[in-house]
Amino acid sequence: MNKTVQNLRVLSNIQLNRDHHLLELQAPVKLEQIAPGQFVNVRVEKSQSTFLRRPFSIYGVDYEKNTMSLFIKDVGPGSHVLTSTPEGEEVDVVFPLGNGFSFPENNKRILLVGGGFGIAPLLFFAQELTKLNLKADIHALVGARTADDLMELDSFAQYGQVYTTTEDGTHGLKGRVTDHSVLSDNLQKFDGVYTCGPEPMMKAVAAKAAAADVFCEVSLENTMACGFGVCLCCVTETTSGHQCVCTDGPVFNIRDLKW
Amino acid sequence: MNKTVQNLRVLSNIQLNRDHHLLELQAPVKLEQIAPGQFVNVRVEKSQSTFLRRPFSIYGVDYEKNTMSLFIKDVGPGSHVLTSTPEGEEVDVVFPLGNGFSFPENNKRILLVGGGFGIAPLLFFAQELTKLNLKADIHALVGARTADDLMELDSFAQYGQVYTTTEDGTHGLKGRVTDHSVLSDNLQKFDGVYTCGPEPMMKAVAAKAAAADVFCEVSLENTMACGFGVCLCCVTETTSGHQCVCTDGPVFNIRDLKW
Amino acid sequence: MVDLRVKIGDLDLKNPVMTASGTFGYGVEFEDFFDLDRLGGFVVKGTTLNPRQGNPYPRMAETPSGMLNTVGLQNAGVKYFCEHIYPKLVKYQTNVLVNVSGSTAEDYAECAEQINELEYIPGIELNISCPNVKEGGMTFGTSCPSAEAVVRAVRKVYKKHLMVKLSPNVTAIDEIARAVESVGADSVSLINTLLAMAIDAETRKPVLSTITGGLSGPAVKPVALRMVWQVAQAVKIPIVGMGGIMNAADAIEFMLAGASAIQVGTAGFVDPLAPVKIVEGIEDYLVRHKIESVTDLVGSLQL
Amino acid sequence: MVDLRVKIGDLDLKNPVMTASGTFGYGVEFEDFFDLDRLGGFVVKGTTLNPRQGNPYPRMAETPSGMLNTVGLQNAGVKYFCEHIYPKLVKYQTNVLVNVSGSTAEDYAECAEQINELEYIPGIELNISCPNVKEGGMTFGTSCPSAEAVVRAVRKVYKKHLMVKLSPNVTAIDEIARAVESVGADSVSLINTLLAMAIDAETRKPVLSTITGGLSGPAVKPVALRMVWQVAQAVKIPIVGMGGIMNAADAIEFMLAGASAIQVGTAGFVDPLAPVKIVEGIEDYLVRHKIESVTDLVGSLQL
Ligand SMILES: Cc1cc2nc3c(=O)[nH]c(=O)nc-3n(C[C@H](O)[C@H](O)[C@H](O)COP(=O)(O)OP(=O)(O)OC[C@H]3O[C@@H](n4cnc5c(N)ncnc54)[C@H](O)[C@@H]3O)c2cc1C
Ligand SMILES: Cc1cc2nc3c(=O)[nH]c(=O)nc-3n(C[C@H](O)[C@H](O)[C@H](O)COP(=O)(O)OP(=O)(O)OC[C@H]3O[C@@H](n4cnc5c(N)ncnc54)[C@H](O)[C@@H]3O)c2cc1C
Ligand SMILES: Cc1cc2nc3c(=O)[nH]c(=O)nc-3n(C[C@H](O)[C@H](O)[C@H](O)COP(=O)(O)O)c2cc1C
Ligand SMILES: Cc1cc2nc3c(=O)[nH]c(=O)nc-3n(C[C@H](O)[C@H](O)[C@H](O)COP(=O)(O)O)c2cc1C
Ligand code: FES
Ligand code: FES
């Protein structure tokens, strides 16, 4: 759909764990098709230290309820105000922004690798893949520091097989996602790897995919001022020069990045 | 009491009319004696256009409940956030600031003249006069644009006789406070006039008191940065040069002002 | 009906609201949000003779009521602009100006000369004030002789409206304004960004790749207003004011201080609809204050 | 235990946190809020040779993340200070500096000479940067020769610590810093306020009685940080940094950029406890980052 500025109403705000919330936002105008990997940019007026908007991946869209969801970690003033927004209040959102993940052809085996709030666009991707009936064989590898930080595993499980790692060993393999065998044993068995999370994690995953010569897309999170391609602040180095994460991305094929 | 910075809890927030609220704030530490005419300076963090604190007169103190009340008109971002503060939330307040009205001797007849939120310190004054058992014969003249803007008349009536004016004639005399006979007929029958409200009103009242040679105190509302005498921004011209409304005032004897 | 039209020298604007270079891309990025023809004009991205890849990431830091940027004039060069971008801009029924930067007076002139050929570009904004690249012109904009030199060189080859954008990073902006006026500038626009810096206390590193960058947004508005006022006392050519304009009241303040038109920059990041809301807000203000023409506001501050 | 002590030349401070002139009265006004001896020092109100009644009301305008003031150096003059204020200040176990202004180099010198006699005042801060009065020194602070002249005149008669407060309203603050260093300043403090303006769009009038005033608060922090960084590359004498410091992180940023100590100004209006909270916050930071002495932060920005 075209980019718009809208006041969305908080339909529900569910606290998932210590610092993660799931916000479901209802649009006043009919939502058109939104691609997994796209994001929103939210204005936060009830704080003196949030002059700019704050970008968040779209976590899911329910076209029937005309809602979209955000998966937000409370890390600072902007995310804090948002995770504290009561039901019924409105938030000022610019959306949809950015490109989105490339859909695979039919009957492909794909691996999603997520860390932290990086699971948000991946889950939306899995949901859409399934809805589009592409018969993808979806595998998801999710890592966190501790079991309590592993969220929405059930949602992933709806769409395919789930692997987990925790740094303290409280769930799944003890270690980091990159220690998991699914990434080291025969990565070639996947037709594509899609990853979103902390940059060091994505870089490690990208390196493994590159080594195994597997298609791999990463979703970047550069700091942004505008979010729609006019300020040129969010650039990343690509083989064709500086590109904007907000418009040319946030999803990039690792082939094009200078990683 | 000494000036302090405290987080006060909103015990109740009552909407009085379209744009006026009464906030009762509970202090975590025992309140010491506060003088009528003193004010507080409130921090408003949930707005991007309120860098400085906002000053409000103290409308009353309940030493038993350990609360103080503010009478707030919603005129802009700061007062708006405050009038929207739900019960239970805390507000960061510097208080008590400024001097206060001079108490008359026993058995004096005094006239309070208030407009708008200017009634706040006057009502507190009436309350304390009565509590101190000074046997003052209190008369209160309150003016507003229309009947709905006349608030807390019952409270004034507890302490003495009340006269009202409204510009549209919906309550009391049609006109402005300065049109009321209590100010023109024989103002000398009062031992003191105390006024707080819009500056043009106070100036008119002061002129009448000066003409009648009656003791008169006014409570000024200059714009303030600090509220406790360090910035020298809130000055008013007095016979002894620039004085600070926040520390030398807000209450001044009209004798000392260059009005 | 109130009259929103203004003139900046020979430029006719349907209203005094333009958008600022470097904050509006090539305009097209805003098309989803509003009809660009509702603006008095817009200034496209800083353009240089040769392509520039700009500064490394990170290029942005959020600051209290503002932001720093160090984009560093990333652009594909004037030739690419003329061949590939310009054709997309001819359709607009509003003033499209090109912001021009360079490292030498000759660079500026050569770039301007090429833009002079573009029929539907009625003027350029000469950026002698970019703080983010060594050759970005800030040094031109911080002394009278160098400002004069570059304006003189461009004036020779550029025949249409020549707006000169001034740097706020100077002791006496009024003197620089007078200097560029004296060598043929048709108007001045101000302010560009204030040279500034952000540090991350936790990592103990500068936030921006280039250590310093340019401050914009409401934080700078009081400084920008003062400079517009100061320049208005010094020159006769029209002034285009900018710096932290977020809403119609801000825009009106700049006009009262002496600006004939204004530009909206950073505000568009926070609210992409800000430029059109400002057009509407100015109209409302005129109606409410019973002012017939927006030009009556210009320089009408009551002292 | 971390070591918070710093030296500014020959001044020993128990910690790097001072408060800024004109925002701290004579100190006594803050006594209800905290024990002033917890500070590294404080600078009292701008003092002039003769009494000054200051500028007319209104003197203040709130701006985005900041404020304008035009107090205009209201003070009772140096003689009154020495006789009536000074005796109240001798009890403090911290550095009490006097901020000195004047209209001529002789004024400055005469005022400084009288303060030189006060045993418990270890230094003065020479304000060559007040933007709010014609004779407030800003003109001294905006050119090297005039800055040198006034510092030279004061240096002749003032024997203790001579801190010179620089104006940010200049093209090259590093050059002014070098100039005052060359004629004997013991340290420089920066920044004073940025010359700015506020207009009320509804009344169409300037908000301040003097039309323009000085901008302070978080809005100016990025500019102040840049200037401290720039001056740190230019001079060897210690730098005292200020401009929008609200919390310990801000203070640390200034030290990383090269300040040996900092001053807290406008923040004290918003939170009277800010100065002591900043002392505590710096201590916490050092503990958390395992840094033994706060002096290790000075100029340690990692590039
Ligand atoms: C395309 C994109 C998608 C994102 N999706 C999500 C999401 O689905 N859920 C989620 O919780 N967060 C997401 N983020 C990150 C989110 O934008 C930041 O957490 C948020 O802006 C922090 O704002 P704050 O005011 O709470 O904290 P701040 O005080 O602004 O920052 C707190 C910390 O977060 C870092 N940070 C600030 N802005 C960004 C940014 N733009 N990108 C990365 N780190 C930043 C800061 O460096 C700091 O360490 C996404 C970011 C981008 C660019
Ligand atoms: C000593 C003192 C006591 C006061 N007591 C009360 C009170 O009991 N109840 C009450 O509702 N208000 C009181 N006020 C006024 C109150 O401080 C302002 O209404 C408030 O600061 C407005 O803040 P805002 O952010 O809502 O609006 P802003 O946007 O800041 O201002 C809105 C309007 O109010 C005016 N204004 C702003 N600040 C002040 C100020 N300090 N004084 C006067 N006008 C101002 C502005 O010029 C503007 O017209 C008092 C002011 C002072 C100085
Ligand atoms: C991201 C960004 C990029 C900019 N690029 C340019 C530019 O290329 N040329 C130019 O003259 N000004 C540039 N500017 C300055 C703006 O045009 C404007 O002068 C400044 O931002 C102040 O206005 P504002 O506060 O409304 O943004 C840029 C500003 C920003 C924020
Ligand atoms: C109300 C006010 C009065 C000031 N008076 C003086 C002064 O007399 N002398 C001086 O050198 N600086 C004066 N200043 C400037 C401050 O000392 C300081 O340099 C400036 O405010 C920047 O710091 P801040 O942003 O922390 O306030 C004054 C500032 C304010 C806000
Ligand atoms: S954030 Fe502005 S271009 Fe990407
Ligand atoms: S408000 Fe600062 S001295 Fe009165």
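Any read-out appearing in this document is the output of simple, stated calculations on the displayed coordinates, not a laboratory observation. Predicted, not measured: the structure shown is a model, and the values here were computed from it. As a convention, Cβ positions derive from the backbone with ideal geometry for all residues, glycine included, and neighbour counts pool all protein chains shown.
Summary of computed values
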read-out	value
Rounded to 10°, Cα long-axis angle of helix A:199-212 versus longest principal axis of chain A	40 degrees
Table column - 3J(HN,Hα) (Hz), the range B:213-218, Karplus curve with 6.51, -1.76, 1.60, x for Gly and Pro	6, 9, 3, 8, 10, 10
Long-range HN-HN contacts of residue A:171 with modeled amide H, under 5 Å	A:147, A:166
Fluctuation leader among B:211, B:140, B:27 - chain B, Gaussian network, Cα springs under 10 angstrom	B:211
Per-selection Kirkwood Rh - the range A:109-219 (Cα, Å, 1 d.p.)	13.6 Å
Spherically averaged projected area of the range B:12-112 from its Cα convex hull (nm²)	7.8 nm²
Mean separation of Cα contacts under 8 Å, 6 or more apart, over the residue count of chain D: relative contact order %	21 percent
Relative contact order (percent, whole number), the range C:191-264, Cα cutoff 8 Å, 6+ residue spacing	29 percent
Cα Rg, Dmax (largest Cα-Cα span) when computed across the protein assembly as shown, Å	31.5, 103
Top of C:198, C:177, C:109 by mean-square fluctuation, Gaussian network on chain C, Cα under 10 Å	C:198
The range C:1-110, relative contact order [Cα under 8 Å, separation at least 6], %	28 percent
Antiparallel bridge percentage (DSSP; both residues within chain D; nearest 5)	35 percent
Rounded tilt (10° steps) of A:119-131 against the dominant C-alpha axis of chain A	80 degrees
Cα centroid separation, the range B:184-259 to the range D:288-303 (Å)	53 Å
Largest-first principal axis extents, alpha carbons of the range A:171-247, Å	43, 29, 15
Distant-in-sequence amide H partners of residue D:103 (H built 1.01 Å from N, under 5 Å)	D:108
In nm, spacing of pseudo-spin labels at residue C:157 and residue A:45 (7 Å Cα→C-beta vector)	4.8 nm
Among B:14, B:58, B:72: highest mean-square fluctuation, GNM of chain B, C-alpha pairs under 10 Å	B:14
Antiparallel bridges, percent of DSSP beta bridges restricted to the protein assembly as shown (to nearest 5)	50 percent
Other copies of residue D:56: label-to-label distances in nm, shortest first, labels 7 Å along the beta-carbon direction	5.7
Loop GluC sites (Glu not before Pro), the range C:190-290, which have at most 14 other Cβ atoms in a 10 Å radius of their Cβ (DSSP)	C:202
Charge sum, other residues only, whose C-beta stays under 11 Å from residue A:40's C-beta, Lys/Arg counted +1 and Asp/Glu -1	+3
Rule-of-thumb Rg ratio for the range A:1-63 [Cα; 2.2 N^0.38 Å; N residues]	1.20
Average beta carbon contacts from partner chains per residue of D:271-280, 10 Å cutoff	2
Karplus-derived 3J(HN,Hα), 6.51/-1.76/1.60, for each residue of the range A:76-82, Hz, glycine and proline x	x, x, x, 5, 5, 4, 5
Compactness of chain C as Cα Rg over 2.2 N^0.38 Å, two decimals	0.92
Equivalent ellipsoid dimensions for the range D:106-220 as semi-axes, Å, which come from the Cα gyration tensor, largest first	29, 15, 12
Under-5 Å amide H pairs with residue A:12, H placed in peptide plane, nonlocal only	A:24
Net +/- balance of residues flanking residue D:302 in space, Cβ distance below 13 Å, scoring K and R +1, D and E -1	-2
Exposed-site-free run, longest, chain B (rule: GluC sites (Glu not before Pro); DSSP loop; at most 13 other C-beta within 10 Å)	B:106-259
Per DSSP, loop trypsin sites (Lys or Arg not before Pro) in the range D:153-219 with at most 13 further Cβ within 10 Å	D:159
Residue exposure sequence - B:138, A:254 - by fewest surrounding Cβ within 10 Å	A:254, B:138
Whole-number D in µm²/s for chain A (Stokes-Einstein; Kirkwood sum over Cα pairs; 25 °C, 0.890 mPa s)	132 µm²/s
In Hz, Karplus ³J(HN,Hα) per residue of the range A:60-66 (6.51, -1.76, 1.60; θ = phi - 60°; x = Gly, Pro)	x, 10, 10, 5, 6, 6, 6
Total formal charge among the other residues, if their Cβ is under 15 angstrom from that of residue C:40, Lys/Arg +1 and Asp/Glu -1	-3
Cα centroid separation - the range B:1-60 against the range D:80-105, whole Å	35 Å
